[in-house]
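Q: The structure follows.
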Amino acid sequence: MKKSISILFTLVLLFLSKNIYADGEKVIIILMDELNIETIQDVQSDNNIALGLMNIKVKEYLKEESMYKRLDIILQGRRVRKSVEIPREIKSLGEILKKEGKSIGLIGEEDRLNKLSDVVSPLSYKRSIEAKDKENLNQLVNEFFTNNGNLLLINLKDMNSKSINEVIKRNTEKSIFILPISTIDNQKEKLNYTVVPILYYKDNNEGLLFSQTTKRKGIVSNLDIYPTILSLYDIKQENIGNSINILEHKEPLKYIKKELNNITDINLLKYLFHGILIFLQILFFIIYIIYKKTTRLSTFIGYLILSIFFSSFLLTPLMNILNIYTYLIGIFLIVVFIMIKARKNTKVPIYMTIFINLFILLGVYFKNELLYNSYIGYNNIFAGGRYYGINNEAMGVLLATSIIVFYNIQEKIFDKYSKGISIIYLLIIILSFTGIYGANVGGFITSIFMSYILIKNLFYKNVKVNIWLIIFLIILAISINLLIDRSLGNKSHLSNLSLNIKQFGINELINIVKNKLEQVAFFATTFPWSIIWVLNFIFSSIILHRDKDIHLKIIYFTSLFALFINDTGIIAFIYMNTFFMLIYLKIINIQNN
C-alpha cells in the first residue's frame, strides 16, 4: 500500500512539474519591417544567438500580400487558400493558447496594433507606444510577464539593434524570435523578394537554425514558427511544419551570409542556363526545319547542351569556393574540352550521360549538396515550394538518363543476370523519389510509369500500357510510401499532402489538383516555355512517325506523362526531350557511319 502511494505521489509531482514548466515558458516575437546584416552583427556581438534563413512567401495563396496577411498565414501554421473553408476543429494560435490557459499580448504603435489584433486574437494585453518612446518598451514588457503573460508580440517601426539588445538583456530566461516580414532593398536588386534572415534566442545558444521541414542547415520554413511556439508550451498537435532546432555552429552569421550569396548566385545561374537551353533548342529546331534533317551543326548543338549539363554537375563540389564568374569560366573551359574530345570519340556523350545519372543518384542517396549546388538540381528557396529532394528539372534529367543507362546495361551485360540487374537498378531509381530520399511525388509516380514500360518491353518486347494496372501500381506504391513515412516519423511532401486532405477534406484535394493544372497551364502558355515545349512536341512526334526506335518511344511517353503529372512538368518535359534529341542524333550518326 505504501509503495502504491509512493508511486502515485511521484507521478503527481512529475505531472505538476511538467505543467509548471510549460506554464512558465515565456516567448517574445519581435516583428521587424526588415532586418539587415549590420543589425544582425550588432545583436550577435552582444548575445549568443542562433541564425537562419526563412522564406516568407505566401502569395500563391493570397492575391493581396501584405505584412500582416503574411504574418496571419505564418501564425496559422498552414498556407490556407481563400477558397477553402477552415473546419471549426482547426484553431488559430490564439485560440489554442487560450484553451491551454496561456495569454497573448501586443506592444506597438496604434496603427500596427489594430492590424495585429486581427491576426493574434484573443488578446489579454495590448499597449500602444510611440516609436520614439522606446525607453518605455522594457517597462511594458516587464508589466506583461509580471501579470502571468506568456506570448508577447512587439512591432515597432524602425526598431534598432540597441532596442533589441536591451530586450534580450532583460529577458535572458525567455525564448525570443526576431522575425522580419520583408526583404531589404539590396536583396530585391538580386531578385530576392522572399528570403529573410531570422534570429532565435534560446538559452544563450549560438548556432544555426534547422527543421525537418527543409532538412537544410541554416534554412527553415515559415510553417515552422507555429509548431515551434506550440512545442515551447508542450502542446501536442499534428502540424504541417516542424519545430525549429538549433545546431551548434561557431560562426553562424558567416555561414548564413555565404549561404544567401550561394543560393542567390545559383538562382541567377538557373535563369541564365534556362535561357541558353531554350535558345539552343530553338536553334536546333530551326536548322532541322530548314534542312529537313540533322546536320553537323545540329549535332554540335545537341552535344553542346549535354556538355553544359555535364560541366554543371562536375563543378558542383566547388560551388562553395567559386564565385559566379569563375564558375562560368570553368563551365566554358570544360565545355570546350569536351566538344574537342567528342569529335574524336563518339562514345563521349554516352559516358557523360551515365556520369550525370550516377552523379544525381549519389547526391540523392549520400550528399544532397551535390544536387543543391547545381543549377539543375537546385531547389529554388526563393519560390518556397520545395526545400529539399529532387526538383522537377533534376527529375527529368534522372529519368531520361535512367532509360539510357537501363539499355546500356542490356547491351553491355549479356549473361543471365542482366535482367535482374536492370530491375534492381529501376528499384533504385523509384526509391530515390520516395519521401525517404528525393521526396518528389510526381517523379515517384512517373518513375513507376517508366519502369512499367521498360520492364514490359524487357520481357514482352512491347510498350502497350494497361491503364488500370498503372493506376493500381501507383496507388499501391503511394500507400507503401505513406506507410514508410509514418513508421519513420518522416514528414515528406506526400505526408503533408495527406494531412491537409485529412483536415480540410476532399475539397482540399480538388483544390490541389486544380492548382497543379493551373500551374501546368501557366507554364504551357507563358513565353518562352510556350514556344519551346510546342517545338519539342512537334519534333518528337515527327521523329517517332519516321523512326520506331524503342529508346525514343519510351523517353517520349515518359516525358508526356511527366508533363501532366507535375506542376512544372513543362520544364521536366523539355529537359527529357533534350535526351530524346541526343538519342536521335546517335541513331543518325550510326546510320551515316
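Q: Quick one: what are the phi-derived ³J(HN,Hα) couplings along the stretch 551-560, Karplus 6.51/-1.76/1.60 with θ = phi - 60°, whole Hz, x for glycine and proline?
A: Each residue of the stretch 551-560 in turn: 4, 5, 4, 5, 5, 4, 5, 5, 5, 5 Hz.
Q: Can you give me the long-range amide H partners of ARG216? Hydrogens built in the peptide plane at 1.01 Å from N, cutoff under 5 Å, separation of 5 or more residues or another chain.
A: SER211
Q: Now a separate question. If you count only protein heavy atoms with a 1.4 Å probe, what accessible area per residue comes out for the stretch 108-173, rounded to a whole Å²?
A: Ligands and nucleic acids excluded, the figure is 53 Å² per residue.
Q: For the cross-link pairs LYS516/LYS553; LYS157/LYS257; LYS98/LYS250, which exceed 31 Å when the distance is taken from alpha carbon to alpha carbon? Could the numbers behind the result be given before it?
A: Details: LYS516/LYS553 26 Å; LYS157/LYS257 25 Å; LYS98/LYS250 38 Å.
Going by Cα-Cα distance, LYS98/LYS250 fall outside the 31 Å limit.
Q: Given labels modelled 7 Å from the Cα in the Cβ direction, how far is it in nm from LEU283 to LYS115?
A: 4.9
Q: Counting only protein heavy atoms, what percent of the accessible surface of the stretch 165-307 is carbon or sulfur at a 1.4 Å probe?
A: Carbon with sulfur: 55 percent of the solvent-accessible area.
Q: Expressed as a whole percentage, what fraction of the accessible surface of the stretch 340-428 belongs to carbon and sulfur atoms when a 1.4 Å probe is rolled over the protein heavy atoms? Please report the intermediate quantities before stating the final value.
A: Values: 2440 of 3770 Å².
Percent of accessible area from carbon and sulfur atoms in the stretch 340-428: 65.
Q: Mind checking the full-extension length gain between LYS412 and GLU100? Use 0.36 nm per residue of separation minus the Cα-Cα distance, one decimal, nm.
A: 105.7 nm is the gain from fully extending LYS412 to GLU100.
Q: Another question about this same structure. Working from the pairwise distances between different alpha carbons, so that the mean of 1/r is found and then inverted, what is the stretch 153-281's Kirkwood radius in Å?
A: On the way: mean 1/r = 0.0590 Å⁻¹.
It is 16.9 Å.
Q: Rolling a 1.4 Å sphere over the protein heavy atoms, what is the accessible area per residue of the stretch 179-293, to the nearest Å²?
A: Heavy-atom accessible area per residue stands at 43 Å².
Q: Let me ask something additional. Between the DSSP loop rule and a limit of at most 13 other Cβ atoms within 10 Å, which GluC sites (Glu not before Pro) in the stretch 188-258 are left?
A: Listed in order of number, the matching sites are GLU189, GLU238.
Q: Related question: Each label point is 7 Å from the Cα along the Cα-to-Cβ direction; what then is the distance between the points at PHE300 and ILE550, in nm?
A: Rounded to a tenth, the inter-label distance reads 3.6 nm.
Q: Still on this structure: Mind listing the long-range amide H neighbours of HIS249? Cut-off is under 5 Å, sequence gap 5 or more, other chains count too, H placed in the peptide plane at 1.01 Å from N.
A: Those lying under 5 Å, H to H, from HIS249 are GLY207, LEU208.
Q: Using 0.36 nm per residue, how much length does the chain from ALA521 to LYS341 gain when fully extended, once their Cα-Cα distance is taken away?
A: 60.7 nm
Q: Per residue, what volume in Å³ does the convex hull of the Cα atoms of the stretch 355-410 enclose? Before the final figure, lay out the partial values.
A: Numbers: hull volume 3.8 nm³, N = 56.
It comes to 69 Å³ per residue, whole-number rounded.
Q: Using a 7 Å offset from the Cα along the Cα-to-Cβ direction at both ILE542 and ILE37, what is the distance between the two label points in nm, to one decimal?
A: With each label point 7 Å from Cα toward Cβ, the separation is 5.1 nm.
Q: Can you give me the accessible area per residue for the stretch 516-593, using a 1.4 Å probe, in Å²? Walk me through the intermediate numbers first.
A: Details: 3400 Å² over 78 residues.
Using a 1.4 Å probe on heavy atoms only, each residue of the stretch 516-593 averages 44 Å².
Q: Tabulate in residue order the Karplus-calculated ³J(HN,Hα) for the stretch 149-160, using 6.51 cos²θ - 1.76 cosθ + 1.60 with θ = phi - 60°, rounded to whole Hz; enter x for Gly and Pro.
A: Ordered by residue, 3J(HN,Hα) equals x, 10, 10, 10, 9, 10, 9, 10, 5, 6, 6, 9 Hz.
Q: Can I ask one more? Can you compute the FRET efficiency between ILE421 and PHE366 using 1/(1 + (r/R0)^6), with r the Cβ-Cβ distance and R0 = 22 Å? Round to the nearest 0.05.
A: 0.60
Q: Contact order normalised by length for the stretch 331-469, with contacts defined as Cα pairs under 8 Å and 6 or more residues apart; what percent is it?
A: 19
Q: So, in Å, what gap is there between the alpha-carbon centers of the stretch 547-576 and the stretch 272-325?
A: If you average the Cα positions of each part, the centres end up 19 Å apart.
The values are calculated or read from the model by the stated rules, or taken from the named source; none is laboratory data. Everything numeric here is computed off the predicted structure, so don't read it as measured data. A quick note on method: Cβ atoms are made from the backbone with ideal geometry, for glycine too, and the neighbour counts reach across all protein chains shown. SASA here: full protein model, heavy atoms, side chains in, ligands and nucleic acids out. Shrake-Rupley method; radii C 1.70, N 1.55, O 1.52, S 1.80 Å.
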